[in-house]
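Okay, so here's the structure we're looking at.
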Amino acid sequence: MQPCTTFGVSKALQRIQELYNDGDAAFFANIGSLVEPLDRTQYQKKLKRYPADIGAHNSQQMESKAVHARSSKKAKGVLARIIEALTHQKNPYATAGFSMHGIQSIFDGKYPARNCRTQWCH
C-alpha cells in the first residue's frame, strides 16, 4: 500500500508531469525484485527468500532489467522476453526494441535492441 497521496515532480520532468496529469503516465513507488512478499522482520530473521544484495543499488538495477530475482543463471531481459512472446504467438506482432542509452541488459535475448545513438532509428 502506498502511504503517499501527493507526489512532487522535478521541474526537469515537466513532460512526465503533463503525461501523468493527462492519465498517460503512472508512478510506481517502493518496487523491487522480490522472490516473495517480505517484511523487515522476515528479512532480519531470514524467514523468507530474497534477492542477493537486496540493498545494493547496482544489483537491484541489474535485477530490475531481468525481473528474475535470485536466478542462478543470467536471465534474459524483461523487454526481450516480451518481444519474443509477442513475436512467437499464433497472431504475431511486429516488434522491435530501441535504446537511447546504449544497449541495455533489459533487451538481452533473441532479438537485441538497436542503439539509437549509433544506428539509424525512426
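The values are calculated or read from the model by the stated rules, or taken from the named source; none is laboratory data. This one's a predicted model, so the numbers in the text were calculated from it and none came from an experiment. Neighbour counts are summed over all protein chains in view; Cβ atoms, including those assigned to glycine, are modelled from backbone coordinates with ideal geometry.
Annotations
- Cβ-Cβ contacts under 8 Å between residues 6 or more apart (or on different chains), taken from a first residue in the range 89-104 that is surrounded by 13 or more Cβ atoms within 10 Å (Cβ to Cβ) to a second residue that is aromatic (F, W, Y) and modelled with pLDDT under 70, are listed as T95/Y111; G97/Y111.
- The helices (runs of 4 or more DSSP H) found wholly in the range 1-114 and carrying at least 3 residues that are more than 13 Å from the chain's Cα centre (by Cα) and modelled with pLDDT of 75 or more occupy 14-21, 40-44, 78-87.
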